[in-house]
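K.L.:
Let me begin by handing over the structure; questions about it come next.
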Amino acid sequence: MSDRRPERDAVVRGIGASRIGRRLGRSELDLTLEACQAAIADAGLTRDDIDGLATFPGGGFDTPGLAGPGALEVEAALALETNWTYGGPEGGQLGGFFSACLAVATGLARHVLVYRTVGEATAQGSAGRGGTVVSGANAPVSGFRRWLAPFDAHSPANWIALYAQRHMYEFGTTREHLGTIAVNNRRNAGRNPAAVYRAPMTLEDYFGARMISTPFGMFDCDVPCDGSVAFIVSHVDTADDGPRPALGIESFGWAMRHRPLWDQWPDMTEMAAWDAAAHLWERSELRPADVDQVQLYDGFSFLPLVWLEALGFCDKGQAGPFLDGGRRIALDGELPLNTGGGQLSAGRLHGCGLLYEACVQLWELGGDRQAGAPRTVAVGVGGGPTAGATVLVRR
């Protein structure tokens, strides 16, 4: 196997975000253009400089509000002239970002605009999550969901709850550990003016919320929102040409070494995060002890525990005690976690909001939520049979 690491030929040169909120009533294209134009300006570029475009999952995705506009629609709206475009559901939520790195490294493009847009809150309307994940009583159910529908298990909350229950059975993980994640993220969101939910929350509030799918209650579940984030991935040769030094991409992990199925993972206390994490460290000389901060996928409160173990910050089964009651993962702790509030409080941008926050922290743009002066931030995105991980560094 080649030891070449093409991701090191790419850098993150700029970022942008639209307004993020609940049921904004704006079109997904409108939100996308706001984020993309902000990212281009942040990188010190113009639209004429952009010769690549990437997104996840691309147009035509079957769940309302989860795809955003396709790459070709955005290319037309921005009047771009590209040499390379990408949009597809395979590869997970960071697939567009990873593909952009490879495009830049292989010379297919020099400046790639990467975006991720959701309009999930508006699409759901007053029906809540059930408005987009549950069809009518007589409607056909396709894909892998047809095996789950007979058990009325329509939501990832049901599926991931089973993993969490197994972890509790095997290792003694508790709901208090899950609540520690939720409270930590809400505390951080209180310092983030762009977060959806900022009101203070205690463990008592957490335990008082209604149950959704045991062991998950309301505050164990992420917040559907409307919004968009965008990134400029450029060739490393241009790293010092922008308004600020670009961020390096130490490595990424994208491996899938088991069957990509929700219900047939060989160890139900693990997920695809373990494959992606192993791949990440195989491609880097750095180790977990070198990481200053983590931004870990929290579609549900259990998932950061999976990522902490998969990435090697603690032993398998020990993520709950590792939290140290929230002290270790606080903004002033030894390993700050989800400094912007994560998806549990800031809003569910399907992992790309965590990548955005990693850039904010490395550039020390976090304001009241800035957690020191990190030089290395690990990002782990995905749950179940989908995962991707990367380490961003100050160059």
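K.L.:
For region 375-395, which residues satisfy the criterion of being in contact with a Pro (Cβ under 8 Å, 6 or more places away or on another chain) and assigned to a loop (DSSP other than H, G, I, E, B)?
P.N.:
G383, G384, P385, T386, R395, listed by residue number.
K.L.:
Let me ask something else about it. Looking for something touching a residue at least 40 places away in the same chain (Cβ under 8 Å), aliphatic (A, V, I, L, M) and in contact with a Ser or Thr (Cβ under 7 Å, 6 or more places away or on another chain) - is there at least one such residue anywhere in region 169-181?
P.N.:
Looking for residues that are touching a residue at least 40 places away in the same chain (Cβ under 8 Å), aliphatic (A, V, I, L, M) and in contact with a Ser or Thr (Cβ under 7 Å, 6 or more places away or on another chain), one finds at least one in region 169-181, hence yes.
K.L.:
Next up: In this structure, does A39 turn out to be surrounded by 22 or more Cβ atoms within 10 Å (Cβ to Cβ) and either of a type in the set (S, T, N, Q) or farther than 12 Å from A230 by Cβ (or both)?
P.N.:
no
K.L.:
Kindly evaluate Y169 against the criterion of being out of contact with any Pro (no Cβ under 8 Å at 6 or more places or on another chain), aromatic (F, W, Y) and assigned to a loop (DSSP other than H, G, I, E, B).
P.N.:
Answer is no for this residue.
K.L.:
Hey, another quick one. Can you tell me which condition L45 does not meet? The list is (1) over 27 Å from A272 (Cβ atoms); (2) surrounded by 17 or more Cβ atoms within 10 Å (Cβ to Cβ); (3) touching a Ser or Thr at 6+ places or on another chain (Cβ under 7 Å); (4) not basic (K, R), and all the others hold.
P.N.:
(3)
K.L.:
Select, from V360, V381, V393, the only residue that is in contact with a Cys (Cβ under 9 Å, 6 or more places away or on another chain) and either among the hydrophobic types (A, V, I, L, M, F, W, C) or at pLDDT below 95 (or both).
P.N.:
Criteria check complete, one pass: V381.
K.L.:
Could you figure out which of (1) out of contact with any helix residue (DSSP H, G or I) (no Cβ under 6 Å at 6 or more places or on another chain); (2) surrounded by fewer than 17 Cβ atoms within 10 Å (Cβ to Cβ) isn't true of H279?
P.N.:
It is condition (2) that H279 fails.
K.L.:
Any chance region 238-257 includes a residue that's touching a Ser or Thr at 6+ places or on another chain (Cβ under 9 Å), more than 30 Å from T82 (Cα to Cα) and among the aromatic types (F, W, Y)?
P.N.:
no
For every residue, the table says whether it meets (1) closer than 30 Å to R8 by Cβ; (2) buried (at least 24 other Cβ atoms within 10 Å of the Cβ).
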site: G172; (1), (2): no, no
site: I181; (1), (2): no, yes
site: R187; (1), (2): no, no
site: E204; (1), (2): no, no
site: F231; (1), (2): yes, yes
site: H235; (1), (2): yes, no
site: G242; (1), (2): yes, no
site: I249; (1), (2): yes, yes
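K.L.:
Further, regarding this structure: In region 195-250, what residues are in contact with an Asp or Glu (Cβ under 7 Å, 6 or more places away or on another chain) and part of a loop (DSSP other than H, G, I, E, B)?
P.N.:
D222, P224, C225
K.L.:
Keeping to region 327-368, report how many residues are part of a helix (DSSP H, G or I), of a type in the set (G, A, S) and surrounded by fewer than 19 Cβ atoms within 10 Å (Cβ to Cβ).
P.N.:
1
K.L.:
Select from region 305-326 the residues that are closer than 23 Å to M271 by Cα and charged (D, E, K, R) and write down the one among them that is surrounded by the most Cβ atoms within 10 Å (Cβ to Cβ).
P.N.:
It comes out as E309.
Quick grid of which residues meet (1) closer than 30 Å to A194 by Cα; (2) without any contact (Cβ under 8 Å) to a residue 12 or more places away in the chain:
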site: G227; (1), (2): yes, no
site: A230; (1), (2): yes, no
site: D241; (1), (2): yes, no
site: G248; (1), (2): yes, no
site: G253; (1), (2): yes, no
site: Q264; (1), (2): no, yes
site: R283; (1), (2): no, no
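K.L.:
So, one more: Which condition number in (1) part of a helix (DSSP H, G or I); (2) at positive phi; (3) not acidic (D, E) is the one that G312 fails?
P.N.:
(1)
K.L.:
I need the strands (runs of 3 or more DSSP E) fully contained in region 6-117, keeping only those with at least 1 residues that are without any contact (Cβ under 8 Å) to a residue 40 or more places away in the chain and over 30 Å from H154 (Cβ atoms).
P.N.:
84-87
K.L.:
Could I ask something else about it? Pick out the one residue from L354, L323 that is farther than 13 Å from V391 by Cα and touching a residue at least 12 places away in the same chain (Cβ under 8 Å).
P.N.:
Matching residue, one of L354, L323: L323.
The values are calculated or read from the model by the stated rules, or taken from the named source; none is laboratory data. From a predicted model like this one, the values you see are computed outputs, not experimental measurements. With ideal geometry, Cβ positions are generated from the backbone for all residues, glycine too; neighbour counts draw on all protein chains shown.
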